[in-house]
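The values are calculated or read from the model by the stated rules, or taken from the named source; none is laboratory data. Model, not experiment: these values are computed from the prediction. Cβ: placed from backbone, ideal geometry, glycine included. Neighbour counts: every protein chain shown.
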Amino acid sequence: MSRIAYVNGRYVRHAEAGVHIEDRGYQFSDGVYEVCGVRGGMLMDEELHLGRLQRSLSELRIPMPMSLAALRIVLREVVKRNEVANGMIYCQVTRGVAPRDHPFPPAGIKPAIVITAKRLNEARVAAAVEKGVAVMTMPDQRWARRDIKSVSLLANILAKQTAREAGAYEAWLVDPDGFITEGSSTNAWIVDKDGRVVTRPLSADILGGITRHVLLEAAAREGIEIVERPFTVDEARTAREAFVSASTAIIIPVIRVDDMVIGNGAPGSTTMRLRRAYAASGVLS
Ligand code: PDD
């Protein structure tokens, strides 16, 4: 089966899909994206992802490329055409194609949209969940509007690469005051000495993760206390448990922060309880 992408109104073979060289996403990172998990062929937390897409676009004053109703149909069609049961869908919207110039192009330029889908490497995710992963702390070098899911991910990818080269799965980014903001592509969580689950509150410092949002609701239902407050690198290194959250893998336990082993070096019980709580909300098998 060949992969199919949706590009500006057409379904095309993934291998041949392309965008214009003067797409402002390509030249200026002038665009936003969403990554939505797919389970059993269904989009997980679809409305929350669509809501965040609309918000990111509106913060950058990029119009929606099509109605929400049309977008829902196209998203389903891309999942179907790619025969993705468990995986993810990627949707990117840029300000469109115009001669390279820093100011916004004249009104009437249509935003450009690309949608792709791919299968999840389930064995790899299962192994990471079972064993846990290492994270490495480093300075957060991103811009000041991390709440916008911008395709401008240069600081994120450099951080991720640094972590990977050091044998860690994820980079935990640190603000100038020594507090963790989030991971390079995940939200960051710890269980503190008192057994409370801690994650940084929403602000422009972090992306408002959809998984983070759903986990907060699931935890409340299960009676798991979560405190939204910033936590330091030292707290992370000496935490009882730690984990990361993102749409594709939901929760991955963290068993090492820099050179410090977390807990007994195995995924923590509260972490796994939260993972089950998320599953109980019906979107994770
Ligand atoms: N990353 N923080 C950052 C910086 C992210 O890029 C992501 C998601 C998250 C978690 O958000 P959510 O729970 O909505 O997936 C937090 C996606 C998966 C990516 O860039 O591929």
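Does Arg72 satisfy the condition of being within 16 Å of the ligand (Cβ to nearest atom) and of a type in the set (D, E, K, R)? Let's see the steps before the verdict.
Numbers: within 16 Å of the ligand (Cβ to nearest atom): no; of a type in the set (D, E, K, R): yes.
No: the conditions fail for Arg72.
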Query - Conditions (1) of a type in the set (Gly, Ala, Ser); (2) touching a Phe, Trp or Tyr at 6+ places or on another chain (Cβ under 9 Å); (3) at positive phi; number of the one not met by Gly41 - result: (2)
Query raised in the report: If Arg39 passes every condition in (1) within 13 Å of Val93 (Cβ to Cβ); (2) more than 11 Å from the ligand (Cβ to nearest atom); (3) in contact with a Ser or Thr (Cβ under 8 Å, 6 or more places away or on another chain) but one, which one does it miss?
Result: (1)
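Residue by residue, here is whether (1) out of contact with any helix residue (DSSP H, G or I) (no Cβ under 9 Å at 6 or more places or on another chain); (2) assigned to a helix (DSSP H, G or I); (3) within 13 Å of the ligand (Cβ to nearest atom); (4) at pLDDT 95 or above holds:
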position	(1), (2), (3), (4)
Val114	no, no, no, yes
Ala123	yes, yes, no, no
Ala128	yes, yes, no, yes
Thr137	no, no, no, yes
Arg142	no, no, yes, yes
Ser152	no, no, yes, yes
Query raised in the report: Can you tell me how many residues in segment 56-91 are touching a residue at least 60 places away in the same chain (Cβ under 8 Å) and either in contact with a Gly (Cβ under 6 Å, 6 or more places away or on another chain) or surrounded by fewer than 16 Cβ atoms within 10 Å (Cβ to Cβ) (or both)?
Result: 4
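To keep it simple, each residue is scored yes or no on (1) in contact with a helix residue (DSSP H, G or I) (Cβ under 8 Å, 6 or more places away or on another chain); (2) loosely packed, with under 14 Cβ neighbours inside 10 Å; (3) over 25 Å from Leu120 (Cβ atoms).
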{"residue": "Gly195", "(1), (2), (3)": "yes, yes, yes"}
{"residue": "Ile226", "(1), (2), (3)": "yes, no, yes"}
{"residue": "Arg229", "(1), (2), (3)": "no, yes, yes"}
{"residue": "Ser245", "(1), (2), (3)": "yes, no, no"}
{"residue": "Val254", "(1), (2), (3)": "no, no, no"}
Report summary line: Only one of (1) farther than 27 Å from Glu34 by Cα; (2) modelled with pLDDT under 95 does not apply to Val233, and that is (2)
Query - Matching residues, segment 170-198, being part of a strand (DSSP E or B) and near the ligand (Cβ under 8 Å from one of its atoms) - result: Glu182, Gly183, Asn187
Query raised in the report: Restricting attention to segment 199-244, which residues are within 16 Å of the ligand (Cβ to nearest atom), among the aliphatic types (A, V, I, L, M) and in a strand (DSSP E or B)?
Result: Ile226, Ala242, Val244
